[in-house]
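Quick note: the coordinates plus some simple rules give every number you see, no bench work behind them. Remember, it's a predicted structure, so these values are computed and weren't measured experimentally. So basically every Cβ, Gly included, is an ideal-geometry build from the backbone, and we count neighbours across all protein chains shown.
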Amino acid sequence: TIGMIVIDKSRSIVAGTSTNGATHKIPGRVGDSPIVGAGAYADSTAGAAAATGMGDIMMRFLPSYQAVEYMRLGMEPTTACQKVIARIQKYYPKFFGAIICANRTGGYGAACSKCPGFNQFHFMVHNPSGTSEQIVDCI
Amino acid sequence: AAQLPLVINTWPFKDATQRAWDTLHSGGLALDAVEKGCSQCEFEQCDGTVGYGGSPDEHGETTLDAMIMNGNTIEVGAVGNLRRIKSAISVARAVMEHSSHSLLVGESASIFAQNMGFLSEDLTSNTSLSIHAEWLSKKCQPNYWKNVFPSAKTSCGPYKRKEGQWSKRHRMPAHVVDVHNHD
């Protein structure tokens, strides 16, 4: 799955996702990626977020919407991402998932849920400083 | 430090990031950048988790899910379980721009896409065929069924509802989803 957030110079924010979903899924299954607020969410007055991982679980928490609302309240993007992951972990302590968050000024962050075989999350950032692959340690 | 413009995406899919940035740099809208960036991954079949030829379902078919959201207008276009169309993110944008709906799914989404001019083609690849064949050879393990008969832990389907007592503590099998298999 790819989840992407773009903020242009005029502070217009767009988020998107694309995926072929889970391997061996039951035919007809749709994951979180095309669900608004789950796979991604964008509101140019606050920010945007995009999630990836175990969609059947993550979609139950609308993590992208929740992260954007946290940023609307003034939370830093990394903190917003972490709080969303922590909320899901209360119910599914070892779920596999990660989320990226960006606020309307171009601040960004990410968080992921530590589980067997998944300790760090890699994501990409491109801004006027250049392009870079970034890594966060999972919580 | 906060700087604009910004492109950020999940996983180290560098070409997608670059394509989105180039789209912005050449005067494209943020909408164009997200569409082109995600399209790049669909074309490259990023990690086998995006685009055609990956993540076959139990029937061996690859289907695609995609969504795009405009944060200025709160307009959304999305497709789920899209069959036979490679450009899922572009179809999602078409849903947003050419309908008043937010999400179209399955065969009907494919017909919508064809009517909007998208090419209908097979989404299977040698890789997806191989993944599916291997899964069948392992008695359809792993899978996402629970509380069915015959036991989904040892047998392929078709399954029926298991009557009588069954565990309500059963949770999502964590080993099924990982960095190579995810939404």
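Run through the DSSP bridge list for chain A and note the antiparallel percent, rounded to the nearest 5.
Antiparallel bridges make up about 95 percent of those DSSP assigns within chain A.
Equivalent-ellipsoid semi-axes (√(5λ), Cα gyration tensor) for the range A:2-41, whole Å, largest first?
Semi-axes from the Cα gyration tensor: 27, 9, 5 Å.
Here are some pairs, B:Lys139/B:Lys162; B:Lys139/B:Lys160; A:Lys114/B:Lys36; A:Lys25/B:Lys86; B:Lys86/B:Lys160; which of them have Cα atoms lying more than 22 Å apart in this structure?
Among B:Lys139/B:Lys162; B:Lys139/B:Lys160; A:Lys114/B:Lys36; A:Lys25/B:Lys86; B:Lys86/B:Lys160, the Cα-Cα distance tops 22 Å for A:Lys114/B:Lys36; B:Lys86/B:Lys160.
Can you work out D for the range A:1-127 in µm² s⁻¹ from Stokes-Einstein, where Rh is the Kirkwood radius over C-alpha pairs, the temperature is 20 °C and the viscosity is 1.002 mPa s?
So the translational diffusion coefficient is about 150 µm²/s.
If contacts are Cα pairs under 8 angstrom and at least 6 residues apart, what is the relative contact order of the range B:1-93 in percent?
With pairs under 8 Å counted, the relative contact order is 20 percent.
Full-extension gain between B:Thr127 and B:Asn147, please, as 0.36 nm times their residue separation minus the C-alpha to C-alpha distance.
4.1 nm
Just grab the label-to-label distance for B:Gln165 and B:Lys14, each label 7 Å out from Cα along the Cβ direction, in nm (one decimal).
For the pair B:Gln165/B:Lys14, the computed spacing is 5.8 nm.
Rg and Dmax of the range B:23-130 over Cα atoms: what are they, in angstrom?
Computed over the Cα atoms of the range B:23-130, radius of gyration and Dmax are 13.8, 43 Å.
Taking the simple approach of a point 7 Å from Cα along Cα-to-Cβ for both B:Asp178 and B:Glu107, what is their distance in nm?
Taking the two extended label points, one gets 3.6 nm.
Tabulate in residue order the Karplus-calculated ³J(HN,Hα) for the range B:57-67, using 6.51 cos²θ - 1.76 cosθ + 1.60 with θ = phi - 60°, rounded to whole Hz; enter x for Gly and Pro.
7, 4, 9, x, 8, 8, 10, 10, 10, 7, 7
Place a point 7 Å from the Cα of B:Met116 along the Cα-to-Cβ direction; which residues of the range A:1-15 have their backbone N under 17 Å from it?
The answer is A:15, whose backbone nitrogens lie closer than 17 Å to the label point.
Among A:Met71, A:Met59, A:Met124, which one shows the biggest mean-square fluctuation in a GNM of chain A, springs joining Cα atoms closer than 10 Å?
A:Met124
Enter the mean projected area of the convex hull around the alpha-carbon atoms of the protein assembly as shown, in nm², rounded to one decimal.
15.8 nm²
Contact order normalised by length for chain A, with contacts defined as Cα pairs under 8 Å and 6 or more residues apart; what percent is it?
Relative contact order of chain A: 18 percent.
Build a GNM of chain B with springs between Cα atoms under 10 Å: which of B:Leu64, B:Leu82, B:Leu31 gets the top mean-square fluctuation?
So, out of B:Leu64, B:Leu82, B:Leu31, the one fluctuating most is B:Leu31.
Just the projected area, averaged over all directions, of the convex hull on the alpha carbon atoms of the range A:81-139: how many nm²?
4.2 nm²
I want to verify a result. In a Gaussian network model of chain A, Cα cutoff 10 Å, which of these has the top mean-square fluctuation: A:Ile100, A:Ile26, A:Ile13?
Maximum among the listed residues: A:Ile26.
What's the average, rounded to a whole number, of partner chain beta-carbon atoms within 10 Å of each residue's beta-carbon in B:83-92?
The mean count of partner-chain Cβ atoms within 10 Å per residue comes to 2.
On each of the three principal axes of the Cα atoms of the range B:82-183, give max minus min coordinate, whole Å, ordered largest first.
Over the range B:82-183, Cα extents along the principal axes are 49, 33, 27 Å.
Given A:Met75, A:Ala86, A:Phe123, which one lies farthest toward the positive end of the charge dipole of the range A:1-131, if we put +1 on the Cβ of every Lys and Arg and -1 on the Cβ of every Asp and Glu?
A:Ala86
Would you work out the relative contact order for chain B, in percent, from Cα pairs under 8 angstrom that are 6 or more residues apart?
15 percent
Quick one: dipole size for the protein assembly as shown, taken about the Cα centre, charges +1 on Lys/Arg Cβ and -1 on Asp/Glu Cβ, in debye to the nearest 20.
Around 1340 debye, computed over the protein assembly as shown.
Angle, helix A:63-72 long axis vs. longest principal axis of chain A, Cα atoms, 0 to 90°, nearest 10?
30 degrees
Just order B:67-79, B:115-127 by mean Cβ neighbour count inside 10 Å, highest at the front, would you?
B:67-79, B:115-127
Using a 7 Å offset from the Cα along the Cα-to-Cβ direction at both B:Ser137 and A:Asn119, what is the distance between the two label points in nm, to one decimal?
Placing both labels 7 Å beyond Cα along the Cβ direction yields 3.3 nm.
Using 0.36 nm per residue of separation minus the Cα-Cα distance, give me the extension gain between A:Ile139 and A:Lys90 in nm, one decimal.
Working it through step by step, the gained length comes to 16.4 nm.
Using only Cα atoms, find the angle between the long axis of helix A:77-91 and the longest principal axis of chain A, and express it within 0 to 90 degrees, rounded to the nearest 10.
20 degrees
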